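Inspection log for the structure reproduced underneath, given as structure tokens.
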Amino acid sequence: MINVGTSGLKSVDTKTNKRFILFLLGITSLVNGFAQFFYNPILPLVQAEFKTTLYWVNFTVTMFTVSMAIMQVVFGSMADRKGRRRALLIGVFLFVLGSFGAAFAKSILVLLIARVVQGMGAAAVPVVAAAVIGDLFEGQERTKAMGTYQVIMALTPAIGPLIGGIVGGKFGVFGVFLFLAIAGIIILMANALWLGESKPPLESATAKFSIRSFTIFWVHRKSRAIMLIGFVQAFASTIVLVFIPNILQHYFNASPEITGASFLFMSLCFILSLKVGERLQLAWGTERSFILGCWLNAMSLVFFGLFIWISMPLAIVLFCWFGATYGISFPPPLTMLTELFDEERAVAVSLYNLCRNAGVAVGPIVGAMLYSTHSDLILFGAAAAVYGLAIAISRNLL
């Protein structure tokens, strides 16, 4: 399954090993994603065990996200210059180190540092996984492979909080992070044993870091379109995810259980629609299906603003519709980026993820200002307007 080339690097036997590597990467991203979604249900436990304020607890969430966003660019450059395998193994090792540090932390400061290290390691997985899939698959196979990978990755927000809540309830903060550390060790060993180097050794050896490695993505028209949509899509979706619980509670006095169930239904619709998006790409082409999915997703925001107040069942249906249209528009960007850039695949993915993380960071701030108007139409209408403008610009660039 794994060959050793003249450079001494393991290389992937693409004839027999592609599907196995795809699922290995998917499981790696699943464990990696749990670091985010395991943590949310135990935030009250963290505050109680470390006898700290909610501010410091939330800061551990923020710094994990910030460190992951920044380090994606670093690991993207490393993966393109030094090889995918090395970048992933270093990242997973840092993830394990940070998980153990968090498990045995005795103060909120140590936990914060451990979460930063954990986030740094987690950054390697999405950029390397997308680059390896781009290396191993071509054409329609790449579209199907990327869709399969994203379906596996999308399981984390659906089942992560549930498992994290169960583990945290029985074993506390220590148990959650120890679980992640042990899972990380297993994943590290599996990738060390079975993940070969998908980037040709000669390219890995000759690739050098330069400013061009980053500026090329802003010069290319299609790349600019993808980056713009990535930012705006994350911005709009964050507004929905952050303010929907408040809106459901305001209009319908929804309990946390009902709100949690609505998020589960939405996540399931998102996961199912990923395969719909894959089929649309194969039938209509990647760019056309991408623009269609984005327009449908933007229109779901308009429906939120107009009709979400009518009834709880309708609000949940609209929320599920948002998740479904989001899923249709989600797979194409990574497929397009891996097709556009051969030498800089990992850096391209890392910059796309950086744009998305910027949108996630800006969304709650702008959303809070819009939400203060006490108008759903202003909140979701403004998000839809920005989204629609970005789609129009991106369509012209594509």
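Whole number in Å², please: accessible area per residue of the range 22-133, 1.4 Å probe, ligands, DNA and RNA not counted.
On the way: 4080 Å² over 112 residues.
Heavy-atom accessible area per residue stands at 36 Å².
For the chain, what does -39500 (n - 2.57) per DSSP helix run (n ≥ 4), summed and divided by total residues, give at 222 nm, in deg cm²/dmol to the nearest 500? Write down the numbers at each step before the final one.
Details: 16 runs with 334 residues, N = 398.
After summing the helix terms and dividing by residue count, I get -29000 deg cm²/dmol.
Can you name the helices of the chain, as whole DSSP H runs, whose Cα span along the helix axis is 24 Å or more and whose Kyte-Doolittle mean is not below -1.0?
On the way: long enough: 18-37 (28 Å, 1.19); 54-82 (41 Å, 0.82); 84-103 (29 Å, 1.32); 139-194 (46 Å, 1.20); 221-252 (45 Å, 1.02); 256-284 (40 Å, 0.93); 286-307 (31 Å, 1.17); 312-329 (26 Å, 1.57); 345-371 (38 Å, 1.04); 376-397 (31 Å, 1.46).
The qualifying helices are 18-37, 54-82, 84-103, 139-194, 221-252, 256-284, 286-307, 312-329, 345-371, 376-397.
Where does the chain land on the Kirkwood hydrodynamic radius, alpha-carbon pairs, in angstrom?
For the chain, the Kirkwood estimate is 21.6 Å.
Order of 145-156, 71-82 by packing, highest average Cβ count within 10 Å first? Show your work: numbers first, answer last.
Details: 145-156: 21.8, 71-82: 24.3.
Ranking, from highest mean packing down: 71-82, 145-156.
May I ask you to give the solvent-accessible area per residue for the range 307-398, in square angstrom, as obtained with a 1.4 angstrom probe?
With the other protein chains kept in place, the range 307-398 gives 39 Å² per residue.
What list of whole percents do you get for P(r) of the range 300-344, with Cα-Cα distances grouped in 5 Å bins up to the one holding the largest distance?
In whole percents, the pair-distance histogram is 5, 20, 20, 12, 11, 9, 8, 7, 5, 3, 0.
Please check: in the Gaussian network model of the chain (C-alpha springs, under 10 Å), which one of Ala236, Ala261, Ala315 has the largest mean-square fluctuation.
Ala261
Would you mind computing, in nm to one decimal, how far apart the modelled labels at Ala283 and Arg395 are, each placed 7 Å from Cα along Cα→Cβ?
2.0 nm
So if each residue of separation counts as 0.36 nm, and I subtract the Cα-Cα distance between Val242 and Ile365, what length gain in nm does that give?
43.2 nm
If you place +1 on the Cβ of every Lys and Arg, -1 on the Cβ of every Asp and Glu, and leave all else neutral, what size is the dipole of the chain about its Cα centre, to the nearest 20 Debye?
With only Lys, Arg, Asp and Glu charged at Cβ, the dipole is about 560 debye.
Take each of the peptides 263-270, 131-138, average the number of other beta-carbon atoms within 10 Å over its residues, and list them starting from the highest.
The packing order, highest mean first, is 131-138, 263-270.
List the pairs from Lys144/Lys222; Lys82/Lys275; Lys199/Lys275; Lys18/Lys199 whose alpha-carbon separation is above 25 Å, in the order I gave them.
Going by Cα-Cα distance, Lys82/Lys275; Lys199/Lys275 fall outside the 25 Å limit.
Run the accessible area of the chain with a 1.4 Å probe and give the carbon-and-sulfur part as a rounded percent.
71 percent
Using a 10 Å cut-off on Cβ atoms, rank the peptides 30-39, 334-343, 182-191 from the highest mean neighbour count down.
Averaged packing, sorted descending, gives the order 30-39, 334-343, 182-191.
Given points 7 Å out from each Cα along the Cα-Cβ axis, report the Ile182 to Leu268 separation in nanometres with one decimal.
3.0 nm
The values are calculated or read from the model by the stated rules, or taken from the named source; none is laboratory data. Given the structure is predicted, the values throughout are model-derived calculations rather than measurements. With ideal geometry, Cβ positions are generated from the backbone for all residues, glycine too; neighbour counts draw on all protein chains shown. Surface areas here come from the heavy atoms of the whole protein model, side chains and all, with no ligands, DNA or RNA. Shrake-Rupley method; radii C 1.70, N 1.55, O 1.52, S 1.80 Å.
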